Amino acid sequence: MTPAMRRVLELVALAVVPLAALVIGLATFADQDRLALDFHEEVYPQADAIVDGRDPYPDPAAAITDTTNAIWPIAAVLPAVPVTTVSPAAADWITLAEASEILAAANVHFRPGTIGSWARSGRLSSIKLGGRRYVRRGEVRALVAAPRRVRLEDVQPSLFEELDG
């Protein structure tokens, strides 16, 4: 094999094939508003573990649940390592469709357009990238979070002294 042929083969194997796989993957999920679905719960923790020098994979004896799929190849996680300098809360933006799904899971049904109008009016923090609007996952979850309950024993008695006497 000539050196020129070897370079062409390396270029195809190490650049063209991975790039084609990326394009096919993005095209598959682009119309489903699911491009950022895995990042927060799966890729980010693994990348953070690599930065901290910890094993990014779960313990082999750990129970496997369908709530996490933390078995990503290291080559897929390494590009996310620079993002670990940003806190997960700052990097956790979701599409309006995902926000609608979070609310629907709590039996609160709003169309993505309604959530978009809340974002445009400032009721929810939002950013707009490439013609799509994104809102913070934590703010959407806070809309359906149960109010905190405090036990009477945990309240300082001095707060109610004037009410008794």
**Message:** Which of Val81, Val135 has the fewest other C-beta atoms within 10 Å, and how do the rest follow up to the most?
**Reply:** Val81, Val135
**Item:** Cα-projected label distance for Val108 with Arg132, points at 7 Å along beta-carbon direction, nm
**Value:** 2.3
**Request:** Going by C-beta contacts inside 10 Å, put Thr114, Thr28 in order with the fewest on the left.
**Result:** Thr28, Thr114
**Which of Ile102, Ile74 has the fewest Cβ neighbours within 10 Å, and the rest in rising order** = Ile74, Ile102
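Taken together, the values in this text are just the output of simple stated rules run on the coordinates, not laboratory data. Predicted model only: the values in this text are computed from it and were never measured. Positions of Cβ are generated from backbone atoms using ideal geometry, with glycine treated the same way; all protein chains shown enter the neighbour counts.
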